Amino acid sequence: MKELVIISGKGGTGKTSLVAAFASLAEKKVLCDADVDAADLHLIMNPEVVRQSDFQSGNTAVIDNDRCTGCGLCRELCRWDAISEDYKVNPIDCEGCGVCVYFCPENAIDFPENTCGEWFVSDTRFGPMVHARLGIAEENSGKLVTLVRKEAGKLAEKKDLGLILTDGPPGVGCPVIASIGGADAVLIVTEPTVSGIHDMERVAQLAAHFRVPALVCVNKFDLNLELTCEIEKYAAEHNITCLGRIVFDPIFTRAMVQAQTVFEYGNGSKVTEQIEVIWQGIIKMLKI
């Protein structure tokens, strides 16, 4: 089983649209949307949910007033000032450290686990998909990414599918680290802008740190040929395989509006030809 994680360093490079395009080309695969903070692959895949589960992580203190004697020790120890004078815990201020729970002499403070979001196993027209939705302003997205990838691996093994296509989150933070660890390769989708180059370099360094082979492709390359050449030069200097270029084309947006991949919307276009070249490079690299 092989896993390809598509990442970008920054948002808006066309990462998810490219994952959807690869879904049209790949055989015997599981789709995995690890961008749990702002999942959107489902907008194109139109998944039919087969199984839904809550994601629980972290804890919030809750004071039982029937057991509480009002000694004030919890308020004294709480560094976040999350406990009011009438011994109510503000769930927004509570950091879930558990100090009040540990030191309460009356054992009057419960510490239930938080429900932070949901994760799903679904069927799509391109095969099975594992995806998730983190609650508004909830934390621990890295743990949810790990859970989604783990479930995708189980599903691939159960169905004897040889490839996991993972839509990774943007940036270089905890969710990205959770999405690339143990992957067979990452494909960095970048664009010829100053911020695009900067963030590509950061995420390439991250992949190198975790010893995950990196590939790169340049989307909207014709917007700035000078910066495109700069990206390709950086890739060559750092032993990163550059798989190809994709022209700027509104077909991506038009396809997305119709909840279709670019191959469903405009197969035979210059864009789809360029994506097929990139996909063949991926097949060769992963030996699938």
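I'd like the residue in segment 157-171 that is open to solvent by less than 40 Å² (accessible area, probe 1.4 Å) and in a loop (DSSP other than H, G, I, E, B) and, out of all such residues, is farthest from residue 21 (Cα to Cα). For segment 157-171, the residue satisfying everything is 171. Only residues that are among the small types (Gly, Ala, Ser), modelled with pLDDT of 95 or more and surrounded by 20 or more Cβ atoms within 10 Å (Cβ to Cβ) were counted in segment 139-156, giving 2. Residue-level check: of (1) touching a helix residue (DSSP H, G or I) at 6+ places or on another chain (Cβ under 8 Å); (2) open to solvent by less than 70 Å² (accessible area, probe 1.4 Å), residue 103 misses just (2). Against the numbered list (1) among the small types (Gly, Ala, Ser); (2) in a strand (DSSP E or B); (3) touching a Pro at 6+ places or on another chain (Cβ under 8 Å), residue 117 comes up short only at (3). Kindly indicate the residue of segment 257-266 that is of a type in the set (S, T, N, Q) and open to solvent by 30 Å² or more (accessible area, probe 1.4 Å) and also nearest to residue 285 (Cα to Cα) among those meeting that condition. Restricting to residues being of a type in the set (S, T, N, Q) and open to solvent by 30 Å² or more (accessible area, probe 1.4 Å), the top hit is 260.
Of all residues in segment 204-228, exactly one satisfies the criterion of being aliphatic (A, V, I, L, M), within 23 Å of residue 174 (Cβ to Cβ) and either loosely packed, with under 15 Cβ neighbours inside 10 Å or in contact with a Gly (Cβ under 6 Å, 6 or more places away or on another chain) (or both), namely 208.
Restricting attention to segment 1-20, report how many residues are among the acidic types (Asp, Glu) and at pLDDT below 90. Total meeting the criteria: 0.
Looking across segment 231-256, just one residue is open to solvent by less than 30 Å² (accessible area, probe 1.4 Å) and out of contact with any helix residue (DSSP H, G or I) (no Cβ under 7 Å at 6 or more places or on another chain), and that is 235. When segment 152-170 is filtered for residues that are among the acidic types (Asp, Glu) and either closer than 27 Å to residue 9 by Cα or touching a strand residue (DSSP E or B) at 6+ places or on another chain (Cβ under 7 Å) (or both), only 167 remains.
Taking the stated definitions as given, is residue 183 touching a residue at least 24 places away in the same chain (Cβ under 8 Å) and buried (at least 23 other Cβ atoms within 10 Å of the Cβ)?
Against the criterion (touching a residue at least 24 places away in the same chain (Cβ under 8 Å) and buried (at least 23 other Cβ atoms within 10 Å of the Cβ)), residue 183 does not qualify.
Within segment 40-75, if we keep just the residues that are within 30 Å of residue 281 (Cα to Cα) and touching a helix residue (DSSP H, G or I) at 6+ places or on another chain (Cβ under 9 Å), the residue that is most open to solvent (accessible area, probe 1.4 Å) turns out to be 43. If the condition is being closer than 20 Å to residue 286 by Cα and β-branched (Val, Ile, Thr), then segment 204-230 contributes 212, 216, 218.
The values are calculated or read from the model by the stated rules, or taken from the named source; none is laboratory data. These numbers come from a predicted model, not from an experiment. Here Cβ is always computed from backbone atoms with ideal geometry, including for glycine, and neighbour counts include all displayed protein chains. Just the protein is used for accessible areas: all its heavy atoms, side chains included, with ligands, DNA and RNA removed. Shrake-Rupley method; radii C 1.70, N 1.55, O 1.52, S 1.80 Å.
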